[in-house]
Amino acid sequence: MVVDEDGPKRPTTGVNQATRRSTEAEAQVAIAWYRFMISRYASNRAHWFYRVKVVFLCQKGKDPDKAIARQLSDCGMPVRPQSRATVKRYVVDKVTGEPGVILNLNAVKWQDNSHVIIEGGYYQNPRGVMKATFTLERSNVGWVVQKVENVGAG
């Protein structure tokens with residue numbers, strides 16, 4: 001399926017430009033979701049994340065594209081790929097030892113040109129876990145999370 005700046009389109013044969021647009025559209029959705037998660041959870045000092053010093057990004061089980069992390073450099077917390085995290089009693093940075101949280105974007109499901117469902121959540125420690133389904137909608141300011149349905153929490 002080809003996804004351009006306006007969302008999903010009818011399936012087409014393998015066109016490199018279409019694949020690039022698909023990747024760009026999904027990256028914009030991912031950036032909006034990561035920003036939401038960082039602003040709502042990771043940077044909220046009143047929340048139990050008060051110990052978090054760094055955010056690790058995971059997209060479909062892998063490190064996301066470096067361009068995504070660069071887009072999040074202004075979020076107020078260091079953002080690093082999940083490959084730099086390790087889990088001991090809780091998530092820590094392998095290099096600095098700083099405590100962190102892994103934001104897992106597991107799946108992106110296009111509903112139409114303006115609506116996407118993301119399955120994702122966070123992991124900080126065995127008791128600090130959240131899995132949810134997030135509904136995002138394209139607006140005049142970009143992609144915005146409209147609804148969060150918790151699937152599980154620790």
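A short reminder: the numbers here are calculations on the coordinates, not readings from a lab. Values in this document were obtained by computation on a predicted structure and should not be read as measured data.
Each principal axis of the Cα atoms in the range 28-154 has its own extent, and those three values, largest first, are 42, 30, 27 angstrom. Remark: for residue pairs K88/K109; K94/K147; K62/K94, the C-alpha separation exceeds 28 Å in K88/K109; K94/K147. Relative to one another, the C-alpha centroids of the range 56-121 and the range 124-154 are positioned 13 Å apart.
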